[in-house]
Each structure stands twice: as C-alpha cells, then as structure tokens.
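Encoded as structure tokens, the structure appears first; notes follow it.
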Amino acid sequence: MVTVYSLTALLAAYLFGSIPTAVWLGQAFYGVDVREYGSGNAGATNTFRVLGKKAGIAVMLIDIAKGYTATNLAYLIGMSVTGPQNSVVFVNYQLALGVTAVMGHLFPIFAGFRGGKGVATLFGMVLAVNFPASMLCVLVFVVVLLITKYVSLSSICAGFTFPLSVVFLFQVSIKSEVLYGMCVCILILVTHQKNLERLLKGKESKVYLFKKKTN
C-alpha cells in the first residue's frame, strides 16, 4: 500500500543512504577526498586504504548504521499498514527501504552521485532483516579476510553466504527475502567487477587487520 508515510520513509531512507560518510570524514579531519585516491570509491574499504584503520572503522560503522536505520523505518510506517513484524508485507517494506538506502549510498545526492560500493550499508540492511543470517555473513567475512587479506573477496563471499543461508540453513519462506538475497549476489558482483579483475591479475590491494610483521 502506497501512503504518504511510506513515500516519506522511502525518501528518508535514500537521504540516510546518501550521507557520504567517507567523503565528509576525510575532508573534515584529513583534508582529503578519498574518491581522489586508491580505488576512487567513497566507502569503508578505500577509507581503510587511504586514511587508515581509525577512519576506516568509523566509516564502516556509520555506513552500517545508515542501512540498519533506513531499513527499520518500516516500524515508523505503522503496523496497521505493514502488519506484524514477521509478516510478508512488513519484510517487503524493510527490503524496499533498505534497497533505497543502498542506492543512496551508491548514488549520493550530497556528493555529486559518486558514492561507494554499498557493502557496509547493505550489511546494515541484512542486519535489520535477518539477524542470524547477517551474523553468519560476518563470520565468513572475517575468516576470509584473515586468510586472504582481501576485503573485496571477503565481501563477495559474505554476500553469497546470505542467500545460501536463508534458503538452506534458516529455510526462510518469504520469497521476496530469498529473491533479495540473489539480488545481493548480483549487486556485489557488479560493483566489484574491477576488484575481481585485479584479483585474477594478482594486483588487488591487501588490508591487514594487524600490523604486518617485518624482518
């Protein structure tokens, strides 16, 4: 059902997603536009690469919060419209709001429509929609990152974990959530196309969570 409340929530979700955390933080505290360095993306990974761990962690947490907050705007639309929290309609509203926030991150109105890849914002959305599946994604991300040191590969593996887990492990019956999981895989592959090319060529940059040992 399209109402003034739902349209307002969609607009708010897009604006939440459009907050260019990496750009604003980099310019305010470092005098740097991260889009001019590294991979050129306004996201957490490039912030880690360009500005370091502290800035990268801050951007990542805020971008996750963007997706989580935007997705949970479904509560503000009202249960009379969406139905119970576990209803198909409620989840559909969550998915619509979350996707809108991700699109805001990809094409932020506050930063000339030049955003990041949306992985952290996407995770915030997943966190709000299916907490157990999101925790499994985190586990896969961390394990792959510790083993390979590639954030891009870790993000791709975590992205594919979500649809597989909701179908085979958690056996989610809401078709829209399953379809969304498949779309997540496609989105991550599209946004990480250049990363995949660099991975295949062995030129992808690594991120070390801990200090690299030197002899």
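What's the longest bit of the chain with no exposed trypsin sites (Lys or Arg not before Pro), using DSSP loop states and at most 13 other Cβ atoms within 10 Å as the test? Longest gap between qualifying sites, sites excluded: 1-202. Spin-label model, SER87/VAL143: points 7 Å from Cα along the beta carbon direction are separated by 3.8 nm. Springs between Cα atoms under 10 Å define the GNM used for the chain, and in it the highest mean-square fluctuation of SER165, SER134, SER87 occurs at SER87.
Computed over Cα pairs, the Kirkwood radius of the chain leads via Stokes-Einstein (0.890 mPa s, 25 °C) to a diffusion coefficient of 139 µm² per second.
If N is the number of residues in segment 135-215, what value comes out of its Cα radius of gyration divided by 2.2 N^0.38 Å? Ratio of Rg to 2.2 N^0.38 Å for segment 135-215: 1.26. GNM on the chain, alpha-carbon springs under 10 angstrom: the most fluctuating residue among ILE109, ILE57, ILE147 is ILE147. Backbone geometry of segment 128-140 corresponds, through the Karplus equation with coefficients 6.51, -1.76 and 1.60 at θ = phi - 60°, to 3J(HN,Hα) couplings of 6, 7, 8, 4, x, 5, 5, 5, 5, 4, 4, 4, 4 Hz, x marking Gly and Pro. When ASP33, ASP63 are sorted by how many other C-beta atoms sit within 10 angstrom of their C-beta, beginning with the fewest, the order is ASP33, ASP63.
Taking VAL143, VAL99, VAL166 as the candidate residues, the one with maximal mean-square fluctuation in a Gaussian network model of the chain, Cα springs under 10 Å, is VAL143. The charge dipole of the chain, taken about its Cα centre with unit charges on the Cβ of Lys, Arg, Asp and Glu (plus for the first two, minus for the last two), comes to roughly 900 debye. Note on segment 106-179: Cα convex hull, mean projected area over all directions, 5.7 nm².
Bear in mind that the values in this text are calculations on the coordinates, not laboratory data. None of the values given here were measured: they were computed from a predicted structure. Virtual Cβ from ideal backbone geometry, glycine too; neighbours counted across all protein chains shown.
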